[in-house]
Amino acid sequence: MLDFTAMTLAIGPELWLAATGLIGVLLGALLKDNFNGLSFKFGALVLFAAAGIAAVTYQGGEAFNGLVETNTFVNFAKIVSFIVGGLALVMSEGFLKRHETARYEYALLTIFAALGMGIILSAANLMTLYMGIETLSLSSYVLAAFHRDSARSSEAGLKYVILGSLASGMLLYGASLVYGFSGTTFYAGIAAAEPSVGLMFGMVLMIVGLAFKVSAAPMHVWTPDVYEGAPTPVGAFFGAAPKMAAMVVFANVMFQVFGDSIDQWQLIITIIAGLSMLIGAFGGLTQTNIKRLLGYSSIANVGYALVAVAAGKELGAGPLLTFMTLYVVSSLGLFAAVLAMRRQGGMVEGISELGGLMNKRPWLAIALSILIWSVAGLPPFGGFLGKWVVLEAGVSAGLYPLAIILVIASVVSLGYYLRLIKIMWFDEPTERFEAIDGSVTLVVLASSLFVIVFMVFFVLLSGWATQAALGITA
Amino acid sequence: MGGFPILSALTFLPLVGALIIMAVRAATAGSSSSETANEGRTALLAGLVISGATFLVSLAAFFYFDPATPGYQLVEQHVWYQNISYKLGIDGLSLPLILLTTFLTPICLLASWNSIHTRVTEYVVAFLVLETFMIGVFTALDLVLFYIFFEAGLIPMFLIIGIWGGKDKIYAAFKFFLYTLLGSLLMLVAVVYMYITAGSSDFEVLEKFAFDPHVQTWLWLAFMASFAVKLPMWPVHTWLPDAHVQAPTAGSVILAGVLLKMGGYGFLRFSLPMFPDASHLFQPAMFALAVIAIVYTSLVAWRQTDMKKLIAYSSVAHMGFVTLGVFSFTEVGVQGAIFQMISHGFISGALFLIVGVVYDRMHTREIAAYGGLVHKMPVYATLFMLFTMANVGLPGTSGFIGEILTMVGGFQASTWAAAGAALGVIFSAVYMLTLYRRTVFGQITNPDLNGLKDMNRIELVTIVPLALLTLLFGVAPNLIFNLTEGAALSILSLMAGG
């Protein structure tokens, strides 16, 4: 006998996404190409509604005999992921239309990717987790290769699929080891199991797999290539929605499944975090393609987020949510700005093309500068406080070397953030860009407003995040 | 004074003004994106009005301020996030620096009247935003809030150097930014640590909180990294000559006049009262660095061929006196250091304006290109003479008071340090008089100089008030000492553990 109330409370958003995704497939089969235009609005509405459902069922619950279990911590991540995912979809349409690839499959794949995100966040069992990861990954592979006539896009998709399968394999192997040595696939059961070497082996392999999904070093090599090769709106989506979800899942697994053996994994996460920050900072310095540059920027930012994970559940859960929310919103805005870099005959991606943007489109330049300062973690914008809470968590946990690395990486990465600012403000104008889609302008402005508003009213954002973190700490 | 948040008004008035100017510009710009000369003038005028109004508000704060009452005054406090609060207040240390800021900003904008011709609206906006951050640094009574203002000020200054600067502006802007940022991020780690350990980032709590002496050493070094770059101290001063040379005149004025003072302010506000043990520990090292700064950079200044570079190096030397006074831990030394900061704000600001006057005419800062200016520009030569003397530290000018008091303070703590600093006074006479002789005296050798006109009315309006104040504080230094006495005493009593 299925208990629908409990199911809805636990995984309402996922049920909704699965149902609407299938309805979308039916609509696509019936309406064929007539559905293409409508599908983007349909997909965005579905995602926003999913965020709404996650908000209504915020307290979460348990269903399917404990295969899924949700709480405020993961629901917070769901809300943010679905909203930024929806926004990414909204601003994709114009781009895809111009490339004559505005097909309804795009929106449906986004919905299924969101479904995957929801499932991994809700999972309380390694099998559920793996299913969710595969749902998310398979949708992502196809999205990366969505421009199937473009060699670059296909290459990005292929690279992603090969490396992604390797990572999934590692994750699965790790999960099976964990199952073998603990005798259960339930999070709670593994957490209660007697620690053993085999369990630790499994844990390390799972960390490798998860680190790939969040693009943490040294499992980051795919990121710049995929960000560069995939169609720009896909990059925007990858950099925002799955990033948030995967990061929180990573933390959730470490906190919930291996929470008691933090002594065993803290050093691993510390090293991964430090490497990510340094590689992200130094790797970005020589990039001339803005999408690759954002790829490195995302590696560095994942490193910052991992500092919060390394700080442990009590100290790190709230700061992680705060930091990631500010980061994914800014990242979405930055990619929106890349979408605005369009002139006669197609997109441009060289960062020098931003030259003199301040003269041509002052408001876009100002909004973009605000986002860049914010991602760089400079006051007076929200990103600064995001970094502040992460640093606070790290220092409280006694992770001083990480705090120092964070500082060094911030200065180094400023080298490329400042270069972007320099190009926009100091250099002579290059060619004039074409008119920008309204939705793109909206996203850029909204995300830059977001980092200002939540600087001033930071207590709201951090309060929500701290409340949400109680879902796993209380 | 009712409940009116006068300090918030003071801090954010320029920012609000900047937003209004931007909004008006956006509304009137229409389709053409390039501004006309008229629009630029209007923006400058609006900027002048706003910064003038800010100055009036700071005067109001000055009148409400009671030097006899100890502690912070006009305090406003609202919780911001956890134990971090939005807390503003002033004392005898910050008030003179705030007045200096609000006084110099309108002068800077006025000085740009004839020298900035491109993107004037953005220039005015950048300056007003910078003013908000500068005032915020001095009014903030919460460490995190202070840090935010402290670092945020880099952004507008970066843009001012990078957009309106000279030939190598990009290099200078990056160097300025990265040097300063590396220092302040190290401070950030210390700030986080202090916040976690003391459970608050409120100045008044932190001043009373006794940090473990061993930890103090590290915290002190982290703060020092930031303030030493900002002040700047030898050997991390190398960004300053580049930034000064490339910045537009007004940028140099504000850089030398206010931004450098944040370093001295930081030492007095944090290093001394919060880390007294570490401050004592590092006193000899700071004296050594101060004396090296004074002697070495004075000698370097002597060999410069670029006028702005010469004055920039002289700034480093004069900031050495501030370090000397601060780390003497005596009342006279600390008072002298504060006085020296104010006085140097006027004098170096004026010297950069003086260089700007001839630069606007000749578009070169090479000393060799000048000579014999006195024949063509007698008024200019007179004012230049006054500030040369003030920079040398001639009695009767404010420069003298600052140098003598810091040296007296230094003498009480270390005879050798004072002796070394005294050497610097002699060197400053050497390089300043050399500069003056080579540019102003002699015969005109460069034929281009023949067409020069003396200072115009705008230039006089910007420089004469600074001249008057330099003389006024030279003969009546008590005007400042009355304000700063209480603050100096309370810093020293906090140091002594009171």
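The values are calculated or read from the model by the stated rules, or taken from the named source; none is laboratory data. All of these numbers come straight from a predicted model, not from anything done at the bench. Ideal geometry is used to build each Cβ from the backbone, glycine not excepted, and the neighbour counts take in all protein chains shown.
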Exercise. If A:Asn34 passes every condition in (1) modelled with pLDDT of 90 or more; (2) surrounded by fewer than 20 Cβ atoms within 10 Å (Cβ to Cβ) but one, which one does it miss?
Worked result: (1)
Problem set entry | B:Ala140 being at pLDDT 90 or above, within 14 Å of chain A (Cβ to nearest Cβ), surrounded by fewer than 24 Cβ atoms within 10 Å (Cβ to Cβ) and over 17 Å from B:Leu260 (Cα atoms) | no
Seminar exercise, completed: Just one listed residue, out of A:Met206, A:Met200, A:Met244, is assigned to a helix (DSSP H, G or I) and closer than 19 Å to A:Thr322 by Cα, and it is A:Met244
For this session: State whether the residues of the stretch A:333-356 include one that is assigned to a loop (DSSP other than H, G, I, E, B), modelled with pLDDT of 80 or more, hydrophobic (A, V, I, L, M, F, W, C) and crowded, with 24+ Cβ neighbours inside 10 Å.
Result: no
Problem set entry | Positions within the stretch B:306-326 being within 14 Å of B:Glu403 (Cα to Cα) and of a type outside the set (S, T, N, Q), in sequence order | B:Val316, B:Ala317, B:His318, B:Met319, B:Gly320, B:Phe321, B:Val322, B:Leu324, B:Gly325, B:Val326
Exercise. What's the number of the condition B:Lys453 fails, among (1) closer than 19 Å to B:Gly349 by Cα; (2) not in a helix (DSSP H, G or I)?
Worked result: (1)
Exercise. B:Ser328: in a helix (DSSP H, G or I) and either in contact (Cβ under 8 Å) with a residue 12 or more places away in the chain or surrounded by 24 or more Cβ atoms within 10 Å (Cβ to Cβ) (or both), yes or no?
Worked result: no
For this session: Select, from B:Phe150, B:Phe146, B:Phe158, B:Phe133, the only residue that is at negative phi, touching a strand residue (DSSP E or B) at 6+ places or on another chain (Cβ under 7 Å), within 11 Å of chain A (Cβ to nearest Cβ) and of a type in the set (Phe, Trp, Tyr).
Result: B:Phe146
Exercise. Given B:Phe203, B:Phe267, B:Phe287, which one is of a type in the set (Phe, Trp, Tyr), in contact with a Leu (Cβ under 6 Å, 6 or more places away or on another chain) and either touching a residue at least 40 places away in the same chain (Cβ under 8 Å) or over 23 Å from B:Leu88 (Cα atoms) (or both)?
Worked result: B:Phe203
For this session: Could you tell me whether any residue of the stretch B:222-231 is closer than 23 Å to B:Leu299 by Cβ, within 14 Å of another protein chain (Cβ to nearest Cβ), buried (at least 19 other Cβ atoms within 10 Å of the Cβ) and among the β-branched types (Val, Ile, Thr)?
Result: yes
Exercise. What is the one condition in (1) within 17 Å of the chain's Cα centre (by Cα); (2) over 24 Å from B:Leu110 (Cβ atoms) that B:Gly349 does not satisfy?
Worked result: (2)
For this session: Look through the stretch A:349-385, keep the residues that are among the hydroxyl-bearing types (Ser, Thr, Tyr) and more than 20 Å from A:Ala308 (Cα to Cα), and return whichever of them is nearest to the other protein chains (Cβ to nearest Cβ).
Result: A:Ser369
Exercise. When you look at B:Val245, is it without any contact (Cβ under 8 Å) to a residue 40 or more places away in the chain and of a type outside the set (S, T, N, Q), yes or no?
Worked result: no
For this session: Could you please let me know if B:Val125 is touching a residue at least 24 places away in the same chain (Cβ under 8 Å), of a type in the set (Val, Ile, Thr), touching a Phe, Trp or Tyr at 6+ places or on another chain (Cβ under 8 Å) and buried (at least 22 other Cβ atoms within 10 Å of the Cβ)?
Result: no
For this session: Just need a number here: residues in the stretch A:407-462 that are outside any helix (DSSP H, G or I), without any contact (Cβ under 8 Å) to a residue 12 or more places away in the chain and more than 10 Å from every other protein chain (Cβ to nearest Cβ).
Result: 1
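Every residue, every condition in (1) within 14 Å of chain A (Cβ to nearest Cβ); (2) modelled with pLDDT of 85 or more; (3) within 24 Å of B:Ser348 (Cα to Cα); (4) in contact with an Asp or Glu (Cβ under 7 Å, 6 or more places away or on another chain), yes or no:
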{"residue": "B:Leu44", "(1), (2), (3), (4)": "no, yes, yes, no"}
{"residue": "B:Phe55", "(1), (2), (3), (4)": "no, yes, yes, no"}
{"residue": "B:Ala61", "(1), (2), (3), (4)": "no, yes, no, no"}
{"residue": "B:Thr69", "(1), (2), (3), (4)": "no, no, no, no"}
{"residue": "B:Asn83", "(1), (2), (3), (4)": "yes, no, no, no"}
{"residue": "B:Leu97", "(1), (2), (3), (4)": "no, yes, yes, no"}
{"residue": "B:Phe103", "(1), (2), (3), (4)": "no, yes, yes, no"}
{"residue": "B:Ser115", "(1), (2), (3), (4)": "no, no, yes, yes"}
{"residue": "B:Val129", "(1), (2), (3), (4)": "yes, yes, yes, no"}
For this session: Kindly indicate which of A:Tyr187, A:Tyr160, A:Tyr179 is under 16 Å from A:Val257 (Cβ atoms) and either in contact with an Asp or Glu (Cβ under 9 Å, 6 or more places away or on another chain) or of a type in the set (D, E, K, R) (or both).
Result: A:Tyr187
Exercise. Residue check, B:Glu35 against (1) modelled with pLDDT under 85; (2) in a helix (DSSP H, G or I); (3) crowded, with 18+ Cβ neighbours inside 10 Å, all met but one. Which one?
Worked result: (2)
Exercise. When both residues are 6+ apart or on different chains and their Cβ atoms are under 6 Å apart, which pairs have a first residue that lies in the stretch B:358-376 and is of a type in the set (Phe, Trp, Tyr), and a second that is assigned to a helix (DSSP H, G or I) and at pLDDT 85 or above?
Worked result: B:Tyr370/B:Thr439
For this session: Evaluate the stretch A:374-388: report whether one residue or more is of a type in the set (Lys, Arg) and crowded, with 24+ Cβ neighbours inside 10 Å.
Result: yes
Problem set entry | Selection count where residues are out of contact with any helix residue (DSSP H, G or I) (no Cβ under 8 Å at 6 or more places or on another chain) and either within 21 Å of B:Val374 (Cβ to Cβ) or surrounded by 14 or more Cβ atoms within 10 Å (Cβ to Cβ) (or both), scope the stretch B:444-470 | 5
Exercise. Hey, among the residues in the stretch A:84-113 that are part of a loop (DSSP other than H, G, I, E, B) and on the phi < 0 side of the Ramachandran plot, which one's surrounded by the most Cβ atoms within 10 Å (Cβ to Cβ)?
Worked result: A:Met91
For this session: Starting from residues that are more than 21 Å from A:Leu89 (Cα to Cα) and small (Gly, Ala, Ser), keep the ones in the stretch A:420-474 and report whichever is surrounded by the most Cβ atoms within 10 Å (Cβ to Cβ).
Result: A:Ala469
Problem set entry | Unmet requirement for B:Leu88, which otherwise passes all of (1) under 18 Å from the mean Cα position of the chain (by Cα); (2) more than 11 Å from chain A (Cβ to nearest Cβ); (3) not basic (Lys, Arg) | (1)
